[in-house]
Each structure stands twice: as C-alpha cells, then as structure tokens.
Amino acid sequence: MNVSAAEFEYGPRRLQREDLAIRLEALAADLRGVGTKGFTLSTSFVDITDWSLAVRPTACLEGFVWDHPTVGTERVKTSELYYFDKKAGIARTLSRWYRLGQPYQPFNLDFDF
C-alpha cells in the first residue's frame, strides 16, 4: 500500500501522489522566488485573523539509522514523511529516501516459566 504524508495528515482529503508533487513544486517555486527581483505574490490569498503560530503532529519515521549524512548512527525521528511503500521497502521524507529494514517489534511478553 502506498501512502503519502498527505493521507496521514488530511484523512478524507487525501492527495494522490501527482497532486502532492504539484503542490510541492509550487511551494518550491514560491520559496525560490520570494524576495527576489521581479517576484510577484499570487493574488489568491486566504485571509486569516486572530492568528498565532502553532505546532501540529505530522507523519514521520522513527528508528535506528546507520551512516546518516547529518546525524551519523543513532535513533532518530525523521523529517515529514511524503511517501511510504512498505511492500517496496522505501520511504521518502522531506530530506531524503530511506530503505526500510525490520519494523519495530514490541517486546513479546508471552513466555513460559
């Protein structure tokens, strides 16, 4: 099953992979352009009042990594998860691709004395 972060985050408003790619490309173009000469903001704004900065949970991976280019070898929580394919054993976060190894297995407390 292929699942994007948008499916985790938005529930019934699930984005298909191509829709997610289009939105991310538009975001990247805006981030590259803002503040540069000739850049014009879109005329389609949504007004927001009584606003504040907030934090909300988003899908990510948590696990042990080896030879990570930034943190080396340790247990981490990744950046936002944008693509997850358990069958293919791959996941894409904001920063990079991950090859999925063995998933977390909670301790099995069903044992005999």
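The values are calculated or read from the model by the stated rules, or taken from the named source; none is laboratory data. Model, not experiment: these values are computed from the prediction. So basically every Cβ, Gly included, is an ideal-geometry build from the backbone, and we count neighbours across all protein chains shown.
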request  = Just name the residue that is surrounded by the fewest Cβ atoms within 10 Å (Cβ to Cβ) out of those in the range 60-101 that are over 27 Å from Ala28 (Cα atoms) and β-branched (Val, Ile, Thr).
outcome  = Thr73
task = Would you confirm whether any residue within the range 2-16 is at pLDDT 85 or above and of a type in the set (D, E, K, R)?
result = no
key: Lone unmet requirement of (1) under 21 Å from Leu20 (Cβ atoms); (2) surrounded by 10 or more Cβ atoms within 10 Å (Cβ to Cβ) for Pro57   = (2)
remark   = Taking the range 64-108 and keeping residues more than 20 Å from Ala21 (Cα to Cα), aliphatic (A, V, I, L, M) and in a loop (DSSP other than H, G, I, E, B) leaves Val71, Leu100
request  = Output yes when any residue across the range 29-52 is exposed (fewer than 10 other Cβ atoms within 10 Å of the Cβ), of a type in the set (Phe, Trp, Tyr), touching a strand residue (DSSP E or B) at 6+ places or on another chain (Cβ under 7 Å) and not in a helix (DSSP H, G or I), and no when none is.
outcome  = no
message = Could you list, ordered by first residue, the pairs with Cβ atoms under 7 Å in which the first is in the range 50-66 and closer than 27 Å to Leu100 by Cα and the second is assigned to a strand (DSSP E or B) and among the small types (Gly, Ala, Ser), at least 6 apart or interchain?
response = Leu61/Ala91
